[in-house]
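The values are calculated or read from the model by the stated rules, or taken from the named source; none is laboratory data. Only a predicted model underlies this, so the values are computations on that prediction, with no experimental measurement involved. Neighbour counts run over all protein chains shown; Cβ positions are idealised from the backbone, glycine included. Accessible surface is based on the protein model in full, side chains and every heavy atom, while ligands, DNA and RNA are left aside. Shrake-Rupley method; radii C 1.70, N 1.55, O 1.52, S 1.80 Å.
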Amino acid sequence: MLDLRIPISYNYRGERNRFYLTATFADRETRESVSAHIPSLPPGYGPPLAPPGTGFSYGYPATLPLGFPDQALPKTNGLAVASLVCSFFFWLFGIGAVLGIVFGFVSRSQIKHSAGVQRGKGMALAGIIIGFASLLLILPAIAIPTFLGVRAADLRARAAESIPVKHL
């Protein structure tokens, strides 16, 4: 069995990148015929990353992911998740709703400036919408009983003042 290392190079975000694809052949003639059609690396790429015979492998595995090998999948923004979760805890005197709104706006800004590295824009928007909707439910639920309680206390105080007091 004979191995052939095939250098593959590309430019990504202004950086020169390279990796090696290793092919295994059963005989020398096939290896030589394939290697004759493969161009070498352009000048300036330098020697391989690890010395031969050290047991280290070069480059990436034989099955490459779609897209560029060093390009990671976008990750979900943590504040977008926190926005959605906090907005569901609106019943804690509205604190969860306010946190959901704040986290939602901050995470949408971070996602917008991440150039596609982060995702979760929809979760952040859902946290903002649920946060505002829950505030619309919480505020009257707190304000109306408070107003009625203050009014009832005022009526009791007035009634107590209007009762004549006889001194003995």
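Structure summary
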| item | result |
| --- | --- |
| Partners for Lys121 among lysines (Cα-Cα distance below 27 Å; same-chain residues under 8 apart left out) | Lys75, Lys112 |
| Contour excess over end-to-end distance, with Cα ends at Ala153 and Phe89 and 0.36 nm allotted per residue | 19.9 nm |
| Accessible area (Å², 1.4 Å probe, nearest 10) - Thr22 | 70 Å² |
| Net charge, Asn77 excluded, C-beta distance under 10 Å - Lys, Arg +1, Asp, Glu -1 | +4 |
